[in-house]
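Sharing a structure here in structure tokens format.
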Amino acid sequence: MPLYEHVFLARQDLSQAQVDVLAATATEIVESNKGKVTKTETWGLRSLAYKIQKNRKAHFVLLNIDATGDVIAELERQTQINEDVIRYMTVRVDEHEGGPSVMMRKNDRERSRRREREGE
């Protein structure tokens with residue numbers, strides 16, 4: 001089956017638990033249509049380059065998906081309907097990245113730098 005990366009941005013006023021529910025709902029949509037979500041990453045609340053629907057920040061979530069195009073079409077249709085999702089993008093990839101994504105590695109580097117500064 002084709003491989004996809006689906007990233008969506010959720011409103012800034014949602015709690016982390018609500019964002020996790022959104023990710024679980026997306027996973028449920030994929031799995032109920034005979035697809036498979038191989039990885040889910042929550043990148044946290046991050047600043048946006050510009051305001052989107054009066055939001056300056058958004059919760060970023062990545063899903064690695066192994067499914068057909070019909071499943072992705074249904075996922076995107078339901079994502080468009082959801083008022084808590086302000087943007088999304090689905091990209092077909094040749095293979096999924098092993099281990100943590102670039103964004104997660106960046107977050108880890110930033111955390112370790114903060115710890116080093118605080119320790120000095």
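Is one or more of the residues making up the stretch 102-111 touching a residue at least 12 places away in the same chain (Cβ under 8 Å), surrounded by 11 or more Cβ atoms within 10 Å (Cβ to Cβ) and over 15 Å from the mean Cα position of the chain (by Cα)?
Start the filter on the stretch 102-111 by keeping residues that are touching a residue at least 12 places away in the same chain (Cβ under 8 Å), which leaves 103-104, 107.
Next cut, surrounded by 11 or more Cβ atoms within 10 Å (Cβ to Cβ) only: 103-104, 107.
Checking the rest, the ones that are also over 15 Å from the mean Cα position of the chain (by Cα) come to none.
No, there is no match, as no residue in the stretch 102-111 is touching a residue at least 12 places away in the same chain (Cβ under 8 Å), surrounded by 11 or more Cβ atoms within 10 Å (Cβ to Cβ) and over 15 Å from the mean Cα position of the chain (by Cα).
Considering every residue within the stretch 72-82, establish whether at least one is under 15 Å from the mean Cα position of the chain (by Cα), more than 16 Å from Glu28 (Cβ to Cβ) and in contact (Cβ under 8 Å) with a residue 12 or more places away in the chain.
No, that holds for no residue.
Shifting gears a bit: Go over the candidates Lys39, Lys34 one by one and state the one that is under 22 Å from Tyr4 (Cβ atoms) and within 12 Å of the chain's Cα centre (by Cα). Show your work before the answer.
Details: Lys34 fails: within 12 Å of the chain's Cα centre (by Cα).
The conditions single out Lys39.
If you don't mind, there's one more thing I want to ask. Would you confirm, using the coordinates I've provided, whether Arg87 is of a type in the set (Lys, Arg) and touching a strand residue (DSSP E or B) at 6+ places or on another chain (Cβ under 8 Å)?
Values: of a type in the set (Lys, Arg): yes; touching a strand residue (DSSP E or B) at 6+ places or on another chain (Cβ under 8 Å): yes.
So Arg87 passes the test.
So for the stretch 20-35 (the condition being surrounded by fewer than 17 Cβ atoms within 10 Å (Cβ to Cβ), over 18 Å from Glu76 (Cα atoms) and either polar (S, T, N, Q) or in contact with a helix residue (DSSP H, G or I) (Cβ under 7 Å, 6 or more places away or on another chain) (or both)), does at least one residue qualify? I'd like the intermediate steps shown before the answer.
From the stretch 20-35, those surrounded by fewer than 17 Cβ atoms within 10 Å (Cβ to Cβ) are 20-21, 24-25, 28, 31-34; that's our starting set.
Now narrow it down to the ones that are over 18 Å from Glu76 (Cα atoms): none.
Within the stretch 20-35 (the criterion being surrounded by fewer than 17 Cβ atoms within 10 Å (Cβ to Cβ), over 18 Å from Glu76 (Cα atoms) and either polar (S, T, N, Q) or in contact with a helix residue (DSSP H, G or I) (Cβ under 7 Å, 6 or more places away or on another chain) (or both)), the answer is no, since none of the residues qualifies.
For the structure I just gave you, tell me whether Val61 is under 12 Å from Phe8 (Cα atoms) and of a type outside the set (Ser, Thr, Tyr). Give the steps one after another, and end with the answer.
Working: under 12 Å from Phe8 (Cα atoms): yes; of a type outside the set (Ser, Thr, Tyr): yes.
The answer is yes for Val61.
FYI, it's all coordinate maths here, none of it is from the lab. Since we're looking at a predicted model, the values are computed, not measured. Because the Cβ atoms are built from the backbone with ideal geometry, glycine has one as well, and the counts that use them run over all protein chains shown.
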